[in-house]
1. Taking the alpha-carbon set of segment 76-249, what are its Rg and Dmax in Å?
2. Would you please give the FRET efficiency between residue 101 and residue 158, computed as 1/(1 + (r/R0)^6) with r the Cβ-Cβ distance and R0 = 45 Å, to the nearest 0.05?
3. Just name one of 202, 125, 175: the one whose Cα is farthest towards the positive end of the charge dipole of segment 76-249 (beta-carbon charges, Lys/Arg +1, Asp/Glu -1).
4. Points 7 angstrom from Cα along the Cβ direction at residue 76 and residue 183: gap in nanometres?
5. Stokes-Einstein diffusion coefficient for segment 127-175 at 37 °C in a medium of 0.692 mPa s, Rh from the Kirkwood formula over Cα pairs: what value in µm²/s?
Amino acid sequence: MATATAYYFAAHFNMPRAHAIDTPFPTTLSNPPVPTTNTLALPTTQALPNQSITGASAHAHLPIHTTQPASQSTSLFFRLPAELRNQIYELLLCPNTPRTKDLSTYHAHHNAHLPPTISPAILSTCHRIHHEAKNLPYTTHIFHAHPSLLTALPHLLSPLNPVLCPEGLTQIRRWQLTLRLDTDPRFSAEQARLAFSGAEFLEIRVWQSMFGGCDEGVLALFLGVRRVRVARVGGCADMGFERWLERRMMMLGEEEGEEVSVS
């Protein structure tokens, strides 16, 4: 009986091993789907991109010190035409300064109570702005000459802040000089000639502590000044002498009548 039972089980329940390999059991019924390698790694591989995105967003507000500064050629300011940039420079560095064509009717002492409002900080913005606009403050403003040193140690707003930059001093061509008639001058006629000859604008204002206390002998030191585009002399009792000295300083040479055109 035992032998018959063994044969029965062998005939009905034992299956060849080769059949199990060729036709596997259906996985949708009795066996659950076997996770693949990618499925098993899903929590790890999917978390890494999420972590990198989160990390990027977390560090987006932090300064990135390794980033190189943008090129000046990509700046919106330098995409403007040069004419517009020059107008911006003039508004910041030399507002209310007279143009060359207006110098013939300009009197510096009338505007002495209106100190210029300038913004020189723009010159330290970048190298290109400094290169384009560094000369404007010197070539457009009317500077006060020193009463003794003349074109050395000039100032724009206060004598306590004179211009010391050698390059800037060579750019100044508009001058205003205030002198006393009743004191001895501390410069010579030759020094005055070398200082102011060829200036674009020169206004000399003289005064004295008591009316009629002295003559205009100090102004004789400026008889050798030549080639001034626009010359102004004021404060004398003799207005005819003032106009004559102005014409003489605007002469090209020694011959009378050779005056610089101011048109």
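1. Calculated on Cα positions, Rg and Dmax stand at 17.7, 62 Å.
2. Values: r = 30 Å, r/R0 = 0.66.
For R0 = 45 Å, the calculated efficiency reads 0.90.
3. Checked the options; the winner is 125.
4. 5.4
5. On the way: Rh = 11.2 Å.
Stokes-Einstein gives a translational diffusion coefficient of 294 µm²/s.
Values in this text are rule-based calculations from the coordinates and carry no lab data. Computed from a prediction, not measured in an experiment: that's the story for all the values here. Using ideal geometry, Cβ is built from the backbone for each residue, glycine included, and neighbour counts are taken over all protein chains shown.
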